[in-house]
Amino acid sequence: MKRYPFCDLAATNAPYMEGIERVTSAVIRSGRYIGGETVDIFEQMLCRQTLPAGHCVGVSNGLDALRLAMRAVVIDRDLKGGEVIVAANTYIASILAIMDAGLTPVLADPDPVTMNLDTSRLDECLTTDTVAVMPVHLYGRVCWDELLREFAGRNGLFVLEDNAQAIGARAELEGLNGTNVTGGLGHAGAFSFYPTKNIGALGDAGAVVCADTGLATTVRALANYGSSQRYVNDFAGYNCRLDSIQAAILAEKLPDTDAVNAARRAKAGIYDALIDNPKVTKPLFTPSMSNVWHQYVVRVEHRKEFLKYLEANGVGYDIHYPTPPHLQKALKGVKHGPLPIAEMLAEQVVSLPVSAVTTGQDVREIAAIINAW
Ligand SMILES: *Cc1c(COP(=O)(O)O)cnc(C)c1O
């Protein structure tokens, strides 16, 4: 039986092998393994790609990017706590970053169609303590519209995008900073280069981008023991620096962002055209780069049976995510209202193969397998 792997990172990185070997050798020979010119070049590339004339700080991973950005906001705005609105069906990292900065996550039940923040219900989450909103571009779909922009502006909220899953996606509308690229839409954007993301390192890596010079300086200091000047510590910071070797590898891969995303989008388009089974709800497909298809997520009511069927037919899959954050022990102390949509999604979502190792032909075959269920 033919097998359709969900994700095969060795195969994903194979086309970059020569470049990766060349740049990693150069880093090894340079004797500079943390920061330095390699990291500077990577940061400038991500800046150009995201926020013309902005700032970029390469950091250790996506969670650290989020928590450093959140803590920098607390420091720069001199906040004594506050609430941050975030979709309840996000990956737990978004929420952990809010809690880590001493802020309170306010879990919003998502829109069942976009599976992102329901921007028509943001006012229900607003209190006098709201200080920020964190749009998560979940599964690669842009979470940005006029309602969100207007809501943040009217209430003076800081907007931190969790852009771990949507590098290179474009909103249909400009952001606060006059760009339509995710990560540059809000006041700051956090990136993850975890190996499975659309652009992945060969280990952990992340980045924070923002337009504000003061905020970028605070993020950079926090990531380096709270220090901007050697042996002078202004904040009780962390060690969240980016390895030079990962920066060099990412500089090889970043120029391919649009091509990688276009390839994923083409596969999503094939699924969208071919999957035709009333028991399988397809994700909303729009003819633009407002979704870079980090995951192609369908919904099924009888998921256990469906998964068994996929296994029996060699189709790899994953569940993003089987338990919503509010039902995890780690969030025991976090208050929230009823979250029926987040809980329904956790029970019904299934991610199908859409990565670089899945060919168009594979996608056609998987669609046929699904239609025969
Ligand atoms: C992957 C991911 C993160 C965290 O990134 P890491 O690099 O794994 O720390 C945060 N938020 C979302 C939505 C993610 O998918």
Checklist entry - With respect to residue 207, is the statement that it is among the small types (Gly, Ala, Ser), closer than 30 Å to residue 350 by Cα, within 15 Å of the ligand (Cβ to nearest atom) and in contact with a Gly (Cβ under 9 Å, 6 or more places away or on another chain) true? => result yes
Checklist outcome for this item: The correct count of residues that are within 15 Å of the ligand (Cβ to nearest atom) and crowded, with 20+ Cβ neighbours inside 10 Å in region 89-107 is 10
Checklist entry - Looking only at region 179-211, which residues are in contact with a Ser or Thr (Cβ under 9 Å, 6 or more places away or on another chain) and of a type in the set (D, E, K, R)? => result 204
Checklist entry - What are the pairs, 6+ residues apart or on separate chains, where a residue within region 133-148 that is away from the ligand (no atom under 11 Å from the Cβ) has its Cβ under 6 Å from a residue that is part of a helix (DSSP H, G or I) and of a type in the set (A, V, I, L, M, F, W, C)? => result 133/152
Item to check | Residue check, residue 158 away from the ligand (no atom under 14 Å from the Cβ) and either under 22 Å from residue 61 (Cα atoms) or at pLDDT below 95 (or both) | outcome: yes
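Yes/no per residue for (1) at pLDDT 95 or above; (2) surrounded by fewer than 24 Cβ atoms within 10 Å (Cβ to Cβ); (3) more than 13 Å from the ligand (Cβ to nearest atom):
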| site | (1), (2), (3) |
| --- | --- |
| 178 | no, yes, yes |
| 190 | yes, no, no |
| 215 | yes, yes, yes |
| 219 | yes, no, yes |
| 229 | no, yes, yes |
Checklist entry - Only one of (1) in a strand (DSSP E or B); (2) among the β-branched types (Val, Ile, Thr); (3) surrounded by fewer than 20 Cβ atoms within 10 Å (Cβ to Cβ) fails for residue 113. Which number is that? => result (1)
Checklist entry - In region 42-60, which residue that is more than 14 Å from residue 222 (Cα to Cα) and of a type in the set (S, T, N, Q) is farthest from the chain's Cα centre (by Cα)? => result 44
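The rows are residues; the columns are (1) over 24 Å from the mean Cα position of the chain (by Cα); (2) farther than 21 Å from residue 273 by Cα; (3) not polar (S, T, N, Q); (4) not in a helix (DSSP H, G or I).
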{"site": "322", "(1), (2), (3), (4)": "no, yes, yes, yes"}
{"site": "333", "(1), (2), (3), (4)": "yes, yes, yes, yes"}
{"site": "346", "(1), (2), (3), (4)": "no, yes, yes, no"}
{"site": "351", "(1), (2), (3), (4)": "no, no, no, yes"}
{"site": "355", "(1), (2), (3), (4)": "no, no, no, yes"}
Checklist entry - Given the residues 138, 126, 148, which is the only one that is touching a Leu at 6+ places or on another chain (Cβ under 8 Å), modelled with pLDDT of 95 or more and not aromatic (Phe, Trp, Tyr)? => result 148
Checklist outcome for this item: Out of (1) touching a residue at least 24 places away in the same chain (Cβ under 8 Å); (2) over 24 Å from residue 136 (Cβ atoms), the one residue 229 does not meet is (1)
Checklist entry - Pairs, please: C-beta under 7 Å, at least 6 apart or cross-chain, first residue polar (S, T, N, Q) and in region 182-204, second near the ligand (Cβ under 7 Å from one of its atoms)? => result 192/61; 192/62; 192/164; 192/206
Next on the checklist: Looking at 339, 331, can you tell me which residue is surrounded by 14 or more Cβ atoms within 10 Å (Cβ to Cβ), over 19 Å from residue 111 (Cα atoms) and not β-branched (Val, Ile, Thr)?
Outcome noted: 331
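Kindly provide the set of residues from region 285-320 that are of a type in the set (D, E, K, R) and assigned to a loop (DSSP other than H, G, I, E, B), ordered by number.
301
The values are calculated or read from the model by the stated rules, or taken from the named source; none is laboratory data. None of the values given here were measured: they were computed from a predicted structure. Every residue, glycine as well, gets a Cβ built from its backbone with ideal geometry; the counts of neighbours run over all protein chains shown.
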